[in-house]
Amino acid sequence: MQNVDMKSLHVFFCLLNECNVTRTAEQLNMTQSAVSHTLARLRLLFNDPLFVSMGRGMLPTSRALELVEPLQQSLAALNKLIEPVKAFDPGQFQGSFEIATSDYIGFILLPRLMVRLADVAPGVELNIQPLRPKEDLPLLKDGKLDLIIWNEKSAPATFHERKLFSDRLKSVVRVGHPEINGSLSLEQFRNGKHLRISSNHGAVKEAIDSLYEQHDIRCKTSLTVPHFLLAHILISQTDMIGMIAELTALRIAREIPLQLFEPPVEVEGFTVSQVWHERLHAAPAHKWLRGEINQVAKEITLELAQFKRSQPGPSV
């Protein structure tokens, strides 16, 4: 069977509706000769006259009538393939995203993000999973995860990554601590009892571990917990010293009596980023969600800058 192009199928469909070469040519802005040549190719293709002359018009053959329904279906499918992609409408979107992140990042990002999404995309659902970078990257590649939001130092070159916001560590003790009030010395830091985080990944833990190792601080660990957010409550009710990300500490200190200090040694900051795979890079819904997360991250950065400007004292 000879190949047939989409334009020839449109001519065939129009001929079936008009049963007239002249009117078909007018409808399709073609010459009558071009329509006649196309009809000749179609007759060879289907091995059938397809139309027979009747007065000034034509009548479709039984074979042509059999082809009406499959022709309509084929043209509809082809038109759908080449039609322009509609602009993504978050207000009409109904779907979910699988996101892996930590409790620390979730605490900072998700409240603002969910308020934002409730207004512009009420049909969206976010399924948050615990962050496990070594396992999450293959899941991202396989399409089982849509996005990773982490505070690792960098993603492999085969993934897309965009910085969201920066954070740094603060030393934290409770208000009313019997030995620490208003300032934290290196000696107090060395001699105090510390709360540590056992999470085996993330730049927050890496930064804390690096701090202790770099300055040969062999402080006593009184308690180790698996989650960053649990640390704030424990520190507020004990005399332990903690090292906690500044953004979480600042927010929780509004509700829980905590003293926040610059660490008595120099500590590097770290960056929170979102990571995704190439297969979703151009997907309209995914691109939109990444944009919403970026906007929230800008608000978080602005909030931190405003807070710092409002604090005259050197300890916070």
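Things worth noting here:
- Database remark: amide H of A245 closer than 5 angstrom to the amide H of K170 (H placed geometrically; neighbours at sequence offset of 5 or more, or on other chains; Pro and chain starts carry no H).
- Bridge orientation summary for the chain: considering DSSP beta bridges with both residues in this region, about 60 percent are antiparallel.
- Comparing Cα centroids, the range 219-278 and the range 55-87 end up 66 angstrom apart.
- Nearest-ten-degree value, helix 284-310 long axis tilted from longest Cα axis of the chain: 30
- Under 15 Å of direct C-alpha separation, and excluding same-chain neighbours fewer than eight residues apart, K170 reaches these aspartates and glutamates: E206, D209, E246, E262, E266, E268.
- Set of the range 257-294 residues, backbone N closer than 17 Å to the point 7 Å along the Cα-Cβ line of I128: 272-275, 290, 292-294
- The magnitude of the dipole of the chain, with charges of +1 and -1 set on the Cβ of Lys/Arg and Asp/Glu and taken from the Cα centre, is near 320 debye.
- Spin-label model, L59/K141: points 7 Å from Cα along the beta carbon direction are separated by 6.6 nm.
- Seen from A283, the other residues with C-beta closer than 12 Å to its C-beta sum to a net charge of +1, counting Lys and Arg as +1 and Asp and Glu as -1.
- In order along the range 152-161, the Karplus-derived 3J(HN,Hα) couplings, from 6.51 cos²θ - 1.76 cosθ + 1.60 at θ = phi - 60°, round to 6, 5, 6, 9, x, 4, 7, 10, 8, 9 Hz, and Gly and Pro are given as x.
- Per-residue extension of 0.36 nm, minus the Cα-Cα distance of A157 and R279, leaves a gain of 42.5 nm for this segment.
- Folded to 0 to 90 degrees: helix 203-214 orientation relative to the chain principal axis, Cα: 30
- In this structure, the amide hydrogen of Q129, modeled 1.01 Å from its nitrogen in the peptide plane, lies closer than 5 angstrom to those of I99, A100, T101, counting only residues at least 5 positions away or on a different chain.
- Under 21 Å from K80, Cα to Cα: lysines that are on another chain or at least 8 residues apart: K7
- 3J(HN,Hα) couplings calculated from phi for the range 15-30 with the Karplus curve 6.51 cos²θ - 1.76 cosθ + 1.60 (θ = phi - 60°) are, in sequence order, 4, 5, 7, 8, 6, 7, 5, 4, 5, 4, 4, 5, 4, 9, 6, 10 Hz; Gly and Pro show x.
- By accessible area, using a 1.4 Å probe on protein heavy atoms only, the chain has 52% of its surface on carbon and sulfur.
- The angle between the Cα long axis of helix 68-82 and the main principal axis of the chain comes to about 40°, on a 0 to 90 degree scale.
- For the range 75-190, the solvent-accessible area of protein heavy atoms averages 56 Å² per residue (probe radius 1.4 Å; ligands and nucleic acids excluded).
- Dimensions of the chain from C-alpha coordinates, computed as largest minus smallest value along each principal axis and given longest first, are 109, 35, 26 Å.
The values are calculated or read from the model by the stated rules, or taken from the named source; none is laboratory data. Worth saying up front: this structure is predicted, and the values here are computed from it rather than measured. Note that we place each Cβ from the backbone using ideal geometry, even for glycine, and neighbour counts take in every protein chain shown. To get the accessible areas, we keep the full protein, side chains included, count just its heavy atoms, and leave off ligands, DNA and RNA. Shrake-Rupley method; radii C 1.70, N 1.55, O 1.52, S 1.80 Å.
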